[in-house]
1. With a 4.7 Å Cβ cut-off, tell me which Cys residues in chain B come up empty for a partner.
2. Under 5 Å between amide hydrogens, which residues at least 5 positions from residue A:73 or on another chain qualify, with H placed 1.01 Å from N in the peptide plane?
3. Given axes a ≥ b ≥ c from the Cα gyration tensor, I'd like to know whether the protein assembly as shown is rounded (a/c under 1.5), prolate (a/b larger than b/c) or oblate.
4. Among the aspartates and glutamates, which have Cα under 12 Å from the Cα of residue B:96 when same-chain residues fewer than 8 positions away are ignored?
5. Between residue A:363 and residues 5 or more places away or on another chain, which pairs have amide H atoms under 5 Å apart, with H built 1.01 Å from N, and which residues are they?
6. With the label 7 angstrom out along Cα to Cβ, how close does residue A:375 come to the same site in each of the other copies, in nm, nearest first?
7. What are the trypsin sites (Lys or Arg not before Pro) within segment B:113-191 that DSSP puts in a loop, where the Cβ has at most 16 other Cβ atoms within 10 Å?
8. Residue of B with Cβ nearest the axis relating B to A, plus distance in whole Å?
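None of the figures in this text is laboratory data; all of them are computed from the coordinates on show. Predicted model only: the values in this text are computed from it and were never measured. Here the Cβ is made from the backbone with ideal geometry for all residues, glycine too, and neighbour counts use every protein chain on show.
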Protein chains: 2
Amino acid sequence: MGWGDLGAFGEPSKETPNLDQMAAEGMLFLDFYTASPLCSPSRAALLTGRLPVRNGFYTTNGHARNAYTPQDIVGGIPDSELLLPELLKKAGYTNKIIGKWHLGHRPQFHPLQHGFHEWFGSPNCHFGPYDNRERPNIPLYRDWEMVGRYYEDFKIDLKTGEANLTQLYLQEALDFISKQQSSQQPFFLYWAIDATHAPVYASKQFLGTSQRGLYGDAVREIDDSVGKILKHLQQLGISENTFVFFTSDNGAALISAPTQGGSNGPFLCGKQTTFEGGMREPAIAWWPGHIPAGAVSHQLGSVMDLFSTSLSLAGLQPPSDRQIDGIDLLPVILQGKLIDRPIFYYRGNELMAVRAGLYKAHYWTWSNSWEEHSKGIDFCPGQSVAGVTTHTQEEHTHLPLLFHLGRDPGEKYPLSFASEEYQRAVEHISGLVQQHKATLVPGQPQLNVCDQAVMNWSPPGCEKLGKCLKAPESDPKKCSWPH
Amino acid sequence: MGWGDLGAFGEPSKETPNLDQMAAEGMLFLDFYTASPLCSPSRAALLTGRLPVRNGFYTTNGHARNAYTPQDIVGGIPDSELLLPELLKKAGYTNKIIGKWHLGHRPQFHPLQHGFHEWFGSPNCHFGPYDNRERPNIPLYRDWEMVGRYYEDFKIDLKTGEANLTQLYLQEALDFISKQQSSQQPFFLYWAIDATHAPVYASKQFLGTSQRGLYGDAVREIDDSVGKILKHLQQLGISENTFVFFTSDNGAALISAPTQGGSNGPFLCGKQTTFEGGMREPAIAWWPGHIPAGAVSHQLGSVMDLFSTSLSLAGLQPPSDRQIDGIDLLPVILQGKLIDRPIFYYRGNELMAVRAGLYKAHYWTWSNSWEEHSKGIDFCPGQSVAGVTTHTQEEHTHLPLLFHLGRDPGEKYPLSFASEEYQRAVEHISGLVQQHKATLVPGQPQLNVCDQAVMNWSPPGCEKLGKCLKAPESDPKKCSWPH
């Protein structure tokens, strides 16, 4: 989902009344970012509070390449990483993940090995359908064991776009919340649904209800579900005791537009890129009785801040034995403060750009290669800014491209290198970069090796279901990351 | 001002609290259009309820060329046109225009000849400063006579961007409203301020207050002024008896971006073009006690509807001796109805595109010529859609380019000519076009002839001020309209 997909963020069909209402009752973040323009690294960052380059969710197979966790990935979240649920567990929280995990699917990476008590969802994207010979269909787990596979037991009709998965995930959420409330247990619910990822789907009751086609139907179903979750909290009388945050893991995938991809509003390009369209996200904090209704914040925020903020809410300190990139947003959310901090835009192993205040300096620019682009893979459809949306990796480390995101949110007008404004801003940002790089200890890259043998052939529980498949022989290779 | 310039429409700095509040208390129109992608024709259409091609505000000097009323224009609003204030006058309304008239500056075109009782403002844009030899500075009128000239008596500091004009126009508005209220007279106020047109300016108190630079300062001053006008109506106790509508006369001038031009949000191109960015506008209706707060409408609306709607509010019938293109929006505004009607996108003498429902068919595409483009004049900076944002006038009358504005508000993905959806939609729209063209009687074009002698050399009242200038000899020529 992209920054421009909600009514509150200017989507012209304005079809998200529940999320808009959530914003009207809470705080709208206009300058909130993911830690990566791609799903897996972004989610790893959210749960660890650390940049993917630290927690291992990147690749060194190529320079500045986006990598994630397809089902032939060998790596996953290292045991050495401390995840938010692991820490919350110590404070008595019950933790549940509903939906896509995406931090590795081999046994050692299982979410219940990393602090979650419960899981309903899948380890990977709902790609498919597969033939179960060359490639198995993606399993869905309930806790430790699989309960079926996408397309087989959890239907997705690619022709009609119908699937009831978001409804299943919604019901899981409502049930979990009810259970926690009745047992008076504090809880952390990570509602990481698959929608609006391609292949896009929606439940029957939402199909054809949006001006925006199937993608809009999916957005409407999410909007409706969020509304139901918030209402549930209110009806249970725990809304003033429950902090809720809504955001996305990367910008809208314009490559899938218009029927399977969303909107990044006025921003440049989309998912896979470190332009604003790739990493700036819709974000709403909700906590009735604590956040003043209708608040708006220009705090530069990050999904990694949800780690630190959640710890703070639970009265916990972040781990002191490692670098945490997230910050505690409570002073922003509760007192309207603005905390000075930069945003680092990474693509794989490279720091592509840095934002400080309203200035954004690009040290590297790249959309995708000419070769990929010539195949019709376009991360910036209809957009082209000379020297900016480049199809070769362009280094600008000596003279970064500088944009003022207030005057030019669309990153179309680089500031003149000769201007005083440029000198001043770049000097400041370059200082931040030096400081950042001087202390950066990259983690062991987890997304380098792929092997057909590790795919979801025989997940735990497959025997009971008669759904075990035979894995091919192990043949580890460098994963290929074209973008 | 463009569709994307208000917080309520997704501008990322979200700096328009008063207009956003106006929307929250009233009705937000998401699909509201001008009648032309340029100022003069759009304003002529607003005041006559008729397309520029009918009321004469177009040129036949070239095909599909935008024309307006610079100070050497010979034409203006014809006497045969019935303007909204002329009609309201008969119902006892007192009518005032504050700001830019733009329907011709020669004596016969004076707004007080066309139904207005009062005027404070200028006949043309605040371009300049001029030397008063080759070209006189633009006069400001109070009613029948000039009271000074821009840059001389009404300062605009182009270096700092400072000018207090919006404050003058605001005070005029507040005073007029007070006067009408105290005399219990119904009134029509056409608050047609010059800001945010280039050269952009703001009052000292707003300079430097926006994230968006000078343009944002100007937007903030407008926002503040609208807030003060609405508050004034409330304080006078007449807000439930006063209908207020906010909109703009064309899309943001991207050619002036980033410091002098605004945002068209997710839409394609800007002012001068018949893409959505050129003609879709922010629009808000406000009438406490009548419009349900927070209403949102997808009614296809037009500035021409303000003519018909205002007549309806005054209990008047639109003239029956001529074609009126505007419709009465009261059923939309008060009862939430949706009225089926197309939007015609004209550029000069050509019907470029038509919208019906969510479909938009382009019969002609053109941004501007290669020649102009090579000079750096770019109506679509950073945007380029092959075969759509063309630099030659491309005719598609036999196979119109069709877009679905719900799935593809940015006009990037033309529908396949072979699809059933295309066939169905184009058949419907082509029927509307045939019907439209069959009954269309173009007016005498008013924007063909230019003459240095008709410039604002000696406006009425210049003697008293010692500000009369000597006109050169008359030398009428075809006006040159490059776009």
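1. If one checks each Cβ against the other cysteines of chain B, B:39, B:125 turn up with nothing under 4.7 Å.
2. Under 5 Å from the amide H of residue A:73 lie the amide H atoms of A:451, each far enough along the sequence or on another chain.
3. Working: a/c = 1.92, a/b = 1.90, b/c = 1.01.
It is prolate, given that a/c is not under 1.5 and a/b is the larger ratio.
4. Hits, sequence-local ones excluded: B:86, B:118, B:143, B:172, B:175.
5. A:353, A:354
6. Here residue A:375 shows inter-copy label distances of 4.4 nm.
7. Details: sites: B:133, B:142, B:149, B:155, B:159, B:179; in loops: B:133, B:155, B:159.
Sites meeting the loop and neighbour criteria: B:133, B:155, B:159.
8. B:10, 1
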